[in-house]
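Here is the structure we will look at, set down as structure tokens.
The values are calculated or read from the model by the stated rules, or taken from the named source; none is laboratory data. The structure displayed is predicted, hence computed values, not measured ones. Every residue, glycine among them, receives a Cβ derived from its backbone with ideal geometry; neighbour counts consider all protein chains shown. Heavy atoms of the whole protein, side chains included, go into the accessibility calculation; ligands, DNA and RNA do not. Shrake-Rupley method; radii C 1.70, N 1.55, O 1.52, S 1.80 Å.
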Amino acid sequence: MRPTIAVEVTALDHIVLRVRDLDRSLSFYRDWLGLEAEFVEDYRAGRRPFVSLRAGAQLIDLVPDADFAGGGNTEAGLLHFCLRIRRCPLEKLMAAFEEAGVEVLGEGPRPRVGATGMGMSIYVRDPDGYLIEIKEEG
């Protein structure tokens, strides 16, 4: 059955991730990937139930949940999400991740297709086990 109203999706607005340890996740996304954190003070003051990270025009919301078992369970639905980067050689980023104990999957950067075409990318796991593809802008 088709809807009787026309819808035009223009972009992905945000995704929401449950995290066990907000500070650890903030360190990964803000310090390692350079995403700007928003509403941290509001969260800490109890005025907001989550923190947002700016990824271009989109947001990644981090919802703290100490009972969360982790995002590495692909049976839950999310296989991975992809973040585009620039000005950072993937080989150097991959080596820095490995040195810091961040799980890097596979061998070296490989070409993969995405929304903006082909580009070199790597896969890493965040502190909660979410699989993230990090892809150079093409």
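Brief remarks follow.
- Residue under evaluation Met120, criteria (1) in contact with a Pro (Cβ under 6 Å, 6 or more places away or on another chain); (2) open to solvent by less than 30 Å² (accessible area, probe 1.4 Å), criterion not met: (2)
- When residues of the range 1-25 are limited to those that are of a type in the set (S, T, N, Q) and part of a loop (DSSP other than H, G, I, E, B), the one most open to solvent (accessible area, probe 1.4 Å): Thr4
- Tally, over the range 62-72, of residues that are under 22 Å from Tyr123 (Cβ atoms) and touching a residue at least 24 places away in the same chain (Cβ under 8 Å): 5
This table checks each residue for (1) of a type in the set (Asp, Glu); (2) at pLDDT 95 or above; (3) over 24 Å from Ala11 (Cβ atoms).
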| residue | (1), (2), (3) |
| --- | --- |
| Glu38 | yes, yes, no |
| Tyr43 | no, yes, yes |
| Val104 | no, yes, yes |
| Ala115 | no, no, no |
| Gly119 | no, no, no |
| Glu136 | yes, no, no |
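- Selection status of Met94, open to solvent by less than 80 Å² (accessible area, probe 1.4 Å) and either under 13 Å from Leu17 (Cα atoms) or not in a loop (DSSP other than H, G, I, E, B) (or both): yes
- None of Phe50, Phe28, Phe39 is touching a residue at least 24 places away in the same chain (Cβ under 8 Å) and either over 13 Å from the mean Cα position of the chain (by Cα) or open to solvent by 40 Å² or more (accessible area, probe 1.4 Å) (or both) except Phe50.
- Test result for Val102, surrounded by 12 or more Cβ atoms within 10 Å (Cβ to Cβ), assigned to a loop (DSSP other than H, G, I, E, B) and β-branched (Val, Ile, Thr): yes
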